[in-house]
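Report on one structure; see the data block that follows.
Every number in this text was worked out from the coordinates using simple rules, so none of it is lab data. This is a predicted model, so every value here is computed, not measured. Quick reminder, even Gly has a Cβ in these numbers, built from the backbone with ideal geometry, and neighbours come from all protein chains shown.
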Amino acid sequence: MKNVLIVDDSDMVRTIIREALTKNGFNIVGEADNGRAGVEKYAELKPDIVTMDITLEEMNGIEALKEIKKINPSAVVIVISSTVYQSFVAEEIVQSGADDCIVKPFDEEMLMKVFNKFVN
């Protein structure tokens, strides 16, 4: 069972991700509603996978992604954001070390297709 940290400023999105992943055998070890808290929780909890929104308070998702990769270069971070539509953002996400991207809105099937790539 993989441990997951969910970082998103929307309670509703965190709930959707939590319910879908829990139903499919993932363990949610923590949640954060801003980038800074996400980095702190990553350092504390050392999850197997992190979901990261881009538009966050205190520290945006790209900055938080870079900080997590400094802590652990092999950290698996999946960006889940509506801002991925913009090509310059998508390029920056990839350059920052994201392992995959999911565009909001998403459904459970799409979420699981991406997450199952990291189950080994």
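A compact table of results
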{"quantity": "Within the stretch 1-106, chymotrypsin sites (Phe, Trp or Tyr not before Pro) in DSSP loop having at most 12 other beta-carbon neighbours inside 10 Å", "calculated": "none"}
{"quantity": "Global geometry of the stretch 1-65, whether rounded, prolate or oblate, following the gyration tensor of its Cα atoms and the 1.5 cut on a/c", "calculated": "oblate"}
{"quantity": "Helical contribution to [θ] at 222 nm, DSSP H n ≥ 4, -39,500 (n - 2.57), averaged over the chain, rounded to 500", "calculated": "-13000 deg cm²/dmol"}
{"quantity": "Electrostatic dipole magnitude of the chain [Cβ: Lys, Arg +1; Asp, Glu -1; Cα centre; debye, to 20]", "calculated": "440"}
{"quantity": "Longest site-free stretch - the chain; sites: GluC sites (Glu not before Pro), DSSP loop, at most 16 other Cβ within 10 Å", "calculated": "59-120"}
{"quantity": "Ordering of 96-103, 74-81 by packing [mean C-beta count within 10 Å, highest first]", "calculated": "74-81, 96-103"}
{"quantity": "Cα gyration tensor, the chain - rounded (a/c under 1.5), prolate or oblate", "calculated": "rounded"}
{"quantity": "Mean separation of Cα contacts under 8 Å, 6 or more apart, over the residue count of the stretch 3-114: relative contact order %", "calculated": "23"}
